[in-house]
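S.K.: Below you will find the structure I want to go over with you.
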Amino acid sequence: MTEFKNLGNFLKQKRIEANLTQRELAHALGNMNSQFVSNWERGLCAPPSHCFQKLIDMLKVNRDSLVQIMLEDSRMVIEAKVYKKKAKKKSA
């Protein structure tokens, strides 16, 4: 399970809507490698916190929507861990 799946999909959609390549976005965020953007979009990691304001501005992202998506990803990760541990306990 990718920990940031919803965030990644959201950022990819917004980047495409902004007509930016991964490389262009990475460069605009401070000469980051486009692989970092690819990793975000695949849900492998989240952008560093110092990038969020630039992402909000460049991709015209609603701040509240971004927070809700990140909260949903966190909730799914936590639930997966809790229910997995609970299932292991019952079978033991």
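Just so it is clear, none of the values below were taken in a lab; they were calculated from the coordinates. These figures come from a predicted structure and were not determined experimentally. Quick reminder, even Gly has a Cβ in these numbers, built from the backbone with ideal geometry, and neighbours come from all protein chains shown.
S.K.: In the structure shown, do any of Lys12/Lys81; Lys5/Lys81; Lys54/Lys81 have a Cα-Cα gap over 24 Å, and if so which?
M.R.: Lys12/Lys81; Lys54/Lys81
S.K.: Take the alpha carbon atoms of the stretch 53-80, find their center, do the same for the stretch 24-48, and report the distance between the two centers in whole angstrom.
M.R.: Centre-to-centre distance over Cα atoms comes out at 15 Å.
S.K.: Another question, then. State the extension gain, in nm to one decimal, for the chain segment bounded by Phe52 and Ser74, taking 0.36 nm per residue of separation less the distance between their alpha-carbons.
M.R.: So the extension gain works out to 6.2 nm.
S.K.: While we're here: For the chain, just run the numbers: alpha carbon Rg, then divide by 2.2 N^0.38 Å, N being how many residues it has.
M.R.: After normalising by residue count via 2.2 N^0.38 Å, the value is 1.26.
S.K.: Which residue, chosen from Pro47, Gln22, Leu59, occupies the Cα position most advanced towards the positive end of the dipole of the chain, where the dipole is computed from +1 (Lys, Arg) and -1 (Asp, Glu) charges on Cβ about the Cα centre?
M.R.: Value computed over the given set: Pro47.
S.K.: State to the nearest 20 debye the size of the charge dipole of the chain about its Cα centre, where the only charges are +1 on K and R beta carbons and -1 on D and E beta carbons.
M.R.: Dipole about the Cα centre, nearest 20: 680 debye.
S.K.: May I pose another question? Between Cys45 and Glu3, what length in nm is gained on full extension when 0.36 nm per residue of separation is reduced by their alpha carbon distance?
M.R.: Value of the extension gain: 14.4 nm.
S.K.: Percent relative contact order of the chain, based on C-alpha pairs within less than 8 angstrom and at least six residues apart?
M.R.: 36 percent.
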